[in-house]
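As structure tokens, the structure follows; a few thoughts come after it.
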Amino acid sequence: MRLDKYLSQATGISRKEIHRIMHRGDVSLNGSEAHNPAVHIEPGVDEVCLNDEPIGAPGPRYLMLYKPEGYVSASDDPSHPTINSLVDLPRNDELHCCGRLDIDATGLILLTDDGKWSHRITSPRHKLAKRYRVETADPIDESAVQAFQDGLKLHGEHKLTKPAELHILAPREATVYLTEGRYHQVKRMFAALGNKVTALHREQIGSISLDPELAPGEYRFLTDEEIASIKP
């Protein structure tokens, strides 16, 4: 890996600024001043210091984002703004979301560049529950609670949905707990009962809840406890 790339990834400093820092003599490689940003190093073997402080190898990143309406859950899209465009970090295109939300949905998105960690969230065999707040066009009938528990046949599919929890909060408002993630699943489950979802907001994934301090479009890094809560 190039030295300037390594430093940029490890510190979040732009490569252009890294070049200035190296020109000042603030970077050392294996005990000697390093002025060539293109020199190749081996992370974990070569010792890199910035202002005499050792710089560790870049590690995986874990973030929560409050997805606003109108953004697609992707790193690149030709027609719409993406959730990755909201993240002002180096290599933000390398982050991927652990469970998408529809363009008109809002709420908790988890982002990482750790593929194994995200697989624990998205893999059906882990049965990780997600909690959604739902608003509907018509009142939600009490019979929907049992229907969600029994499983529903979605349009175009033959296999019933897995048991899900539905808690009615108001005539047109409810929370839904799912352990699977089929395409547009919450909307299609209500559609199977003749109702329409008018607003969808994800509040929780596993034990990780959307931080109430975050405004739509804002993000923060996950705590060590939150990261560890997604168990292998």
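The values are calculated or read from the model by the stated rules, or taken from the named source; none is laboratory data. Note that the structure is a prediction, hence the values are computed from the model and not measured. When we count neighbours, we look across all protein chains shown, and the Cβ atoms used for this are built from the backbone with ideal geometry, even at glycine. Accessible surface areas use protein heavy atoms only, side chains included; no ligands, DNA or RNA. Shrake-Rupley method; radii C 1.70, N 1.55, O 1.52, S 1.80 Å.
Things to note:
- Within the range 183-209, residues that are in a loop (DSSP other than H, G, I, E, B) have Cβ atoms under 6 Å from residues that are open to solvent by 40 Å² or more (accessible area, probe 1.4 Å) in these pairs: Asn195/Asp138; Lys196/Ala137, counting only partners at least 6 apart in sequence or on another chain.
- For the range 164-182, a residue qualifies if it is open to solvent by 60 Å² or more (accessible area, probe 1.4 Å), modelled with pLDDT of 95 or more and in a loop (DSSP other than H, G, I, E, B), and the qualifying residues are Pro171, Arg172.
- Residue list for the range 146-161, filter: closer than 29 Å to Ile230 by Cβ and surrounded by 15 or more Cβ atoms within 10 Å (Cβ to Cβ): Phe148, Leu152, Leu154, Thr161
- When Asp76, Asp93, Asp141 are checked against the criterion of being at pLDDT below 90, in a loop (DSSP other than H, G, I, E, B), of a type outside the set (Val, Ile, Thr) and more than 21 Å from Ser209 (Cα to Cα), a single residue qualifies: Asp76.
- If the condition is being surrounded by fewer than 16 Cβ atoms within 10 Å (Cβ to Cβ) and of a type in the set (Val, Ile, Thr), then the range 45-79 contributes only Val45.
- From Ser28, Ser8, Ser14, residue being polar (S, T, N, Q) and open to solvent by 40 Å² or more (accessible area, probe 1.4 Å): Ser14
- Any hit, the range 119-127, residues being among the β-branched types (Val, Ile, Thr), surrounded by 13 or more Cβ atoms within 10 Å (Cβ to Cβ), within 30 Å of Phe148 (Cβ to Cβ) and in contact (Cβ under 8 Å) with a residue 24 or more places away in the chain: yes
- Single residue of the range 86-118 satisfying the filter (within 20 Å of Thr175 (Cα to Cα) and not hydrophobic (A, V, I, L, M, F, W, C)) that is least open to solvent (accessible area, probe 1.4 Å): Gly107
- Residue within the range 37-44 that is in contact with a strand residue (DSSP E or B) (Cβ under 9 Å, 6 or more places away or on another chain), open to solvent by 20 Å² or more (accessible area, probe 1.4 Å), within 26 Å of Gly217 (Cβ to Cβ) and modelled with pLDDT of 90 or more present: no
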